[in-house]
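Novice: Before I ask anything, let me first share the structure, which is written out below as structure tokens.
Read-outs: derived from the displayed coordinates by stated rules, not from any lab. Computed from a predicted model, the values in this text were never measured in an experiment. Cβ atoms come from the backbone with ideal geometry, glycine included; neighbour counts cover every protein chain shown.
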Amino acid sequence: MSTQDGHAATPGSACANVSTGDACACAGTTEPCPLTALRPGQTGIICESRLSTNDAALLRAMGLCDHATVRLCRLGEPCVVAVGGVRGVGPNPKDCTCGGSCRIGLSRPLAERIFVTALA
């Protein structure tokens, strides 16, 4: 994930260049939008974050990294997401062994700085 303090998004990521302040409804678009723009039950793929280096490292350790699949379970405070595997990265993509049943609670301000590409 890219970080607020200048680290780049994963090279080759289709959504590495997100402009700030763009509104996004996430429905029917391939444009990245904040995780909080997803509807409960909707799934997305993480493509960028605007976090401190420490916050990004902590989330990566919990499986929230570039190309990870997430499903919004609850919008609010906290924002709850189910974490899936990592899609299409390299010759051996990593899969989450829990089958998407790992759930993480995030503060809403933190979730607003994680950007996803919504899946249909």
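Novice: What is the local net charge at Arg39, summed over the other residues whose Cβ is closer than 13 Å to its Cβ (Lys, Arg +1; Asp, Glu -1)?
Specialist: Taking every other residue near Arg39 into account, the sum is +2.
Novice: Then there is this: For Ser52 paired with Arg74, estimate the spin-label separation in nm (one decimal), with each label point 7 Å from Cα along the Cα-to-Cβ line.
Specialist: Between Ser52 and Arg74, the simple spin-label model gives 2.6 nm.
Novice: Assuming R0 = 35 Å, what is the FRET efficiency of Arg60 and Glu31, from their Cβ-Cβ distance, to the nearest 0.05?
Specialist: Taking R0 as 35 Å, the efficiency between Arg60 and Glu31 is 0.90.
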